[in-house]
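Structure, as C-alpha cells:
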Amino acid sequence: MSDIIRLAAIKKVYDTDAGPVPVLNGLELSIAPGEFVTIMGPSGSGKSTLMNILGCLDTPTSGEYWLDGENVASLDEDRLAEVRSRVLGFVFQGFNLLPRIDLKANVALPLVYQCVAKAKRLQRAITVLERVGLARQVNSLPPKISGGQQQRVAIARALVTQPRVILADEPTGNLDTVTGQEIMTLFQDINKESGVTMIVVTHDARVAHYARRLVYLRDGLITYDGSAADFQEALA
Amino acid sequence: MTLWLSMLGEALQAMSANKLRTFLTALGIIIGAGAVVLMVALGQGTQTAVTKSISALGSNLLIVRSGSAQQGGFRGGAGGLPTLKTSDAQALLDLTSLNTAAPVVQQGAQLVYGPNNWGTQIVGSTDAYLDIRDWTLQSGRPFTDTEMNSGMRVAILGQTVAEQLFGSADPIDQSVRIQKSPYQVIGVLAQKGQSMAGSDQDDTVLIPLVTAQRQLVGSQFKGTVSMIMAKANSAQQLASGEAQIADLLRQRHRIAEGADDDFSVTNMASIASTMAQITGMLSILLGSIAGISLLVGGIGIMNIMMVSVTERTREIGIRMAIGASRKTVLLQFLLEAVIITTTGGLIGILIGVGAALGVQRFGGIAVAITPQPILLAFGVSTLVGLFFGLYPARKASMMKPIEALRYQ
Ligand SMILES: Nc1ncnc2c1ncn2[C@@H]1O[C@H](COP(=O)(O)OP(=O)(O)OP(=O)(O)O)[C@@H](O)[C@H]1O
Ligand SMILES: [Mg+2]
C-alpha cells in the first residue's frame, strides 16, 4: 500500500442523448510516490477522462480509486475539496487562469482555500513564480503574457500548495515545440527537486521521453505500461 | 473566521476586477431604491399637504353660498345675485346641529400706511369667523360687540399684510387707510401659511361685517353677504347640519316644493375625503411607477448576472479544481452580492432622499420622508440582488468541478 495512486477496475460510462458511451473499460494502474509518468494514446481513448478522475474533478462509474491511502469514493464533498487543495495540483491544456487578476494573485489563489494569510500567500506565490522564471511579470494580467508563460503560471499555481501529485492534461498542447519542450524540462526539474509525483498526458511522442514511465491507452484500456525508452524503440 | 475574511477579500477582489459588472449591478439597485424612496416621498407629501390645507380651512366646516347648486357652485357664488342676508346667518345660529355661524363679505381693496400700500382681500365678518376657521390672534384682541354692531372702523391684519405695511414694527393701535377711510388696527392674526390652491392665507384683513357692508360693498345689495360659514358641533353632525341649513333657508327664502334652491351648502369634510381619495390614488400611481423601476432594476441585475454566468461558472470550476469547496465558493459569491446590493441600496436611498429634499426645496412640492418606503426599497433591492447574485453561483457550485470547467 505504498502507492500514492492505485486504480482498480475503473470504468467510466458517459450518459449521452444517444445512449451510454463507455470510455474507460476497467483500468488497473498503480503509481508510486515520486514517479514521473506520461500517458499517451489516440484522440478519444479516454486520457482526459482518466485525468479528471485522478484529479477528483469527476467520479468513475465503477471501480476503486485509492489516493494517498484513502478511498476517494468514501470522501464527502468537503473532504474532496480538501484533497484537491492539499494533495493535488492540476495543470490544464487551456491554462484556466482567472483573466482579471494578476499573476501573483492567480498563483496565490489555492492558498486562499487553505486560509493562508494574505501577505504569506503573496510571498509564497512570488517565490514559486520566480522558480518558474516569471519574477518580472508577477504584476501582469494573464492575457498580457504569452501562452508558454501562462502555462508556467498555471504550473506555479499547481506547485504553490506543495502537493503530493501534479496532474497535467496536455500541458504542451497549445504551445509550439520549443516552448513545449521547455515546459516538459520544467516538469522534469520539479519532479527531481521536490519528489512530487508527476502525471502528464501528451500527444507528442517527442515529449514523452521526458518521463521514465509511459502508459499507453487505447479504447479505454491500458495497452502498454513500461519504460518510456522501450516504448520509443517499439515505435521506431 | 479566517475563512470569512479570506472570502471577503476574494469578493472584494472579484468586484474590483469586474468594475463594470459591479457598477451595472449596483446601478440597477440604486435606480430601483432611489425611485421608490422619491416617489413615495412625493405621494405622501402631497397627501399630507392636502389634508393639512383642508383642515386649515377649519374643522367641521359648512359653507353656504348664493346661487343654486345645479347652476354650479362657482357660477352661483361668483356671478349670481346675492341671495344670502345677514339675517340668514343670524337664523342659522338657532340650528341644533350647528355650533356657530358667521356671515362673510369679501372685497378686494388697497391698504395704505404712511408711504406703504398693499392690495389685499378684505373680509367683513364677526368674531365667530375666527372660531370657525380655527384662527388665533398673535397679538391684540378680537372685535367687541359694540365695534361689530355699530360698524366701527377697526381691523385685524393677517401676517403678510402686517409685514408688508409695518415691517417689523408693531401695528397695534396704528391707523391704516382702507379706501381712504382710517381704520384702527386692533389685532394681528397668527400665521396660517399657504392654502391648498397655493394662495397665501395670511394675505387678508378682517373688519366687522357691518363696517364692510357700509364702507366697502356697493349700496345696491345692502344687507346681503357673499357667504355664510358655519361650524357643526361635531363631524357626525355635519350631514344633519347641512340638511337643517337647507330646510331653514328654503323656508326663509320661500322656495316652493320642487323649485331650485337659490343657495348651495358645501360640506368641507366631503371635499376633504374626495381630495384624500385623489391624493391616495396619486400615491398609488407614484408607488406603482416606483415598483416598476424596482422591477426594471431587478431585471437589469438579472441580465448582467446571466450574461456573466458562463464566465462565473468557469471561474467556479477553476476555483473548485484548485481546492475550493462548494460552501466557500457560495460564501464568496454571497458576500459579493450582499456588498453590492447593500451599498447600492444605501446609495439609492441617499439619492432618493436627496432628490426628494431637492424637489421640496426648489420645486416647492411638499414631500414626506418616512421609514417604511426606505425599508421597503432596501429590503426589496437587497433581496433582488441576492437572488440574482446567488443564482448562478448556486447553480455552478452544484455541478461537478469538471462540468463547471467545461461550461460553455
Ligand atoms: N462529458 C462527456 N459526455 C459525453 N461524452 C464524453 C464526455 N467527455 C468525453 N466524452 C467522450 O469520451 C471519449 C473520450 O474522451 P477524452 O476527452 O477522455 O479523450 P482524450 O483521450 O482526452 O482525447 P484527446 O486526445 O482528443 O484529448 C470521447 O469519445 C468523448 O467524445
Ligand atoms: Mg483530452
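Values in this text are rule-based calculations from the coordinates and carry no lab data. As the structure is a computational prediction, the values presented were derived from the model and not from experiment. Quick reminder, even Gly has a Cβ in these numbers, built from the backbone with ideal geometry, and neighbours come from all protein chains shown.
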For chain B, projected area of the alpha-carbon convex hull averaged over all directions, nm²: 29.4
Charge dipole magnitude, Cβ of K and R +1, D and E -1 - chain B, Cα centre, debye nearest 20: 1620
DSSP bridge pairs, the protein assembly as shown: antiparallel proportion in percent, nearest 5: 70
Of the DSSP H helices in chain B, those whose Cα atoms cover at least 20 Å axially and whose Kyte score averages -0.5 or more: B:2-17, B:19-56, B:238-252, B:268-307, B:326-363, B:371-398
Förster radius 60 Å - calculated FRET efficiency between B:PHE362 and A:GLU82 (Cβ-Cβ, nearest 0.05): 0.45
Kirkwood Rh in Å, taken over all unlike Cα pairs in chain A: 18.3
10 Å Cβ neighbours from other chains, averaged over peptide A:69-80: 1
For q = 0.12, 0.20 Å⁻¹, Debye-computed log10 I/I(0) when each Cα of segment A:11-115 counts as one equal scatterer: -0.53, -1.24
Chain B - percent relative contact order, Cα under 8 Å, separation 6 or more: 31
Share, in percent, of DSSP beta bridges within chain A that are antiparallel, nearest 5: 60
Average beta-carbon neighbours from other chains, 10 Å sphere, peptide A:83-96: 3
Neighbour-count order for B:GLU163, B:GLU257, fewest beta carbons within 10 angstrom listed first: B:GLU257, B:GLU163
Given charges at Cβ of Lys, Arg, Asp, Glu: segment B:233-333 dipole, positive-most of B:ILE278, B:LEU248, B:VAL265: B:ILE278
Cβ-based net charge around A:GLY41, under 10 Å, with every Lys or Arg adding one and every Asp or Glu removing one: +1
Ellipsoid equivalent to segment A:1-57 - semi-axes via the Cα gyration tensor, in Å: 24, 13, 9
Average other protein chain Cβ within 10 Å of Cβ, residues A:111-118: 6
Exposure proxy ranking, count of Cβ atoms within 10 Å, fewest first, for B:ILE349, B:ILE316: B:ILE349, B:ILE316
Peptide ranges B:397-408, A:39-50 listed from the most packed, as the mean C-beta count within 10 angstrom indicates: A:39-50, B:397-408
Mean Cβ neighbour count within 10 Å, used as a protection proxy, ranking B:243-252, B:21-30 highest first: B:21-30, B:243-252
Rounded D (µm²/s) - segment B:208-273, Kirkwood Rh over Cα pairs, Stokes-Einstein at 4 °C, 1.567 mPa s: 92
Amide H contacts under 5 Å for A:ILE5, placed H, 5+ residues apart: A:ILE31, A:ASP68
Radius of gyration and Dmax over the Cα atoms of segment B:268-408, both given in Å: 21.3, 75
Folded to 0 to 90 degrees: helix A:177-194 orientation relative to chain A principal axis, Cα: 90
The protein assembly as shown - convex hull of the alpha-carbon atoms, volume per residue in Å³: 243
Segment B:266-306: radius of gyration and largest Cα-Cα distance (Dmax), Å: 17.7, 60
Folded to 0 to 90 degrees: helix A:103-112 orientation relative to chain A principal axis, Cα: 70
Normalised contact order of segment A:40-148, rounded percent, pairs of Cα under 8 Å and 6 or more residues apart: 21
Principal-axis tilt of helix A:77-86 within chain A, Cα atoms, nearest 10 degrees: 60
Footprinting exposure proxy for A:CYS56, A:CYS115 (fewest neighbouring C-beta atoms within 10 Å first): A:CYS115, A:CYS56
Segment B:82-261 - percent relative contact order, Cα under 8 Å, separation 6 or more: 33
Shape box of segment A:47-99 [Cα atoms, principal axes, largest first, Å]: 35, 23, 17
Share of pairwise Cα separations in segment B:82-261, more than 23 Å, in percent: 44
Rounded if a/c under 1.5, otherwise prolate or oblate - segment B:325-384, Cα gyration tensor axes: prolate
Dipole magnitude of the protein assembly as shown, debye to nearest 20 (Cβ charges: Lys/Arg +1, Asp/Glu -1, about Cα centre): 920
Sum of -39500 (n - 2.57) over DSSP H runs of 4+, divided by residues of the protein assembly as shown (222 nm, nearest 500): -16000 deg cm²/dmol
GNM result for chain A, Cα springs below 10 Å: residue of A:GLY55, A:GLY89, A:GLY195 fluctuating most strongly: A:GLY195
